[in-house]
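A short write-up of the structure that comes next.
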Amino acid sequence: MTWRRLPGAVLAALALVVPGCAGSSSSSPSEPPPSSEEDQAPTAPASPVASAPPSATAGLAALLLTEVPSGLPRVPDDELDPPAGRKTIEDVAGYAPDAEHQRAVLEDYGYRWGWERFWRAGDQLTSVFLDQFERADGARAYADDLARNDEEYYGGVLAESPPGLVTGCRLLTVDQPDPAGKLAGPAAFAWCQRGVFTVAIAAVSTSPQAARAEVQAVTAAQLERLPGR
């Protein structure tokens, strides 16, 4: 299981944890860290900004949304612990108790790199995780495992290709706030695969309808930005 945790600095009140699993392909060589200018990620237009998958981690930054439909303010990457932004295979493996095993599993998926972004106001939270793989089947398997794992962790109702999402996406809705503190309010999660990318969206909002509407709108906008449509 590959653990994707939303940073504690955002979640003093939310305690939202996004676990996942992994499993199929080969890893790519490590790359040097991007410059601080790349880490800042310039604002990208609403239309797709690339005709092919990026060849470096920093290229993912230009593909991610810079704002969300709900209008929540973005949380600066460096205010989180661990920081949001660029993610290497070592970063993602490091979320798990057994990092060495998790790295091997991620390599099996063909995991290359990822990028995380968060928006928050009070108990409302939206997150976007974008991960890139060597092969489309690795991205598909990763998205499917994330959906199954989160259904087991949070409960709720998991649906495949529900109305309002692209065919093949999965939607998890958790209508009741979690008394164990996993969620601060009604939440919705979506996982989609687009070519060699996996998109994972989460929203905690004021009502089940608001959470689902945010996830649907964010998912559509994020998929629109990816190459390979």
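What follows is calculated from the coordinates using simple rules that are stated; it is not laboratory data. Nothing here was measured: the structure is a model prediction, and the numbers come from that model. Quick reminder, even Gly has a Cβ in these numbers, built from the backbone with ideal geometry, and neighbours come from all protein chains shown.
With labels modelled as points extended 7 Å from the Cα through the Cβ direction, what inter-label distance (nm, one decimal) is found for Glu224 paired with Gln176?
Distance between the two pseudo-spin positions: 3.6 nm.
Which order do the peptides 96-104, 165-173 take when ranked by the mean count of other beta-carbon atoms within 10 Å per residue, highest first?
With the highest mean Cβ count within 10 Å placed first, the list reads 165-173, 96-104.
Each residue of the range 87-96 in turn: what ³J(HN,Hα) in whole Hz from Karplus with 6.51, -1.76, 1.60 and θ = phi - 60°, glycine and Pro shown as x?
Using θ = phi - 60°, the values come out as 9, 8, 4, 5, 4, 5, 4, x, 5, 8 Hz.
Using alpha carbons only, what's the Rg to Rh ratio of the range 98-229 with Rh from Kirkwood?
Using Cα coordinates only, the ratio equals 0.97.
Kindly write out, for the range 97-110 in residue order, the coupling ³J(HN,Hα) from the Karplus curve 6.51 cos²θ - 1.76 cosθ + 1.60 (θ = phi - 60°), rounded to whole Hz, with x marking Gly and Pro.
Running phi through 6.51 cos²θ - 1.76 cosθ + 1.60 with θ = phi - 60° gives x, 10, 5, 5, 5, 5, 4, 4, 5, 5, 4, 5, 6, x Hz.
For the range 92-149, what is the Kirkwood hydrodynamic radius in Å, using each pair of distinct C-alpha atoms?
In the range 92-149 this quantity evaluates to 12.7 Å.
Relative contact order of the range 109-229, please, whole-number percent, based on alpha carbon pairs below 8 angstrom and at least 6 residues apart.
25 percent
So if each residue of separation counts as 0.36 nm, and I subtract the Cα-Cα distance between Ser161 and Asp123, what length gain in nm does that give? Each step should come with its number before you reach the end.
On the way: separation 38, 0.36 × 38 = 13.68 nm, distance 2.80 nm.
Separation in residues times 0.36 nm, less the Cα-Cα distance, equals 10.9 nm.
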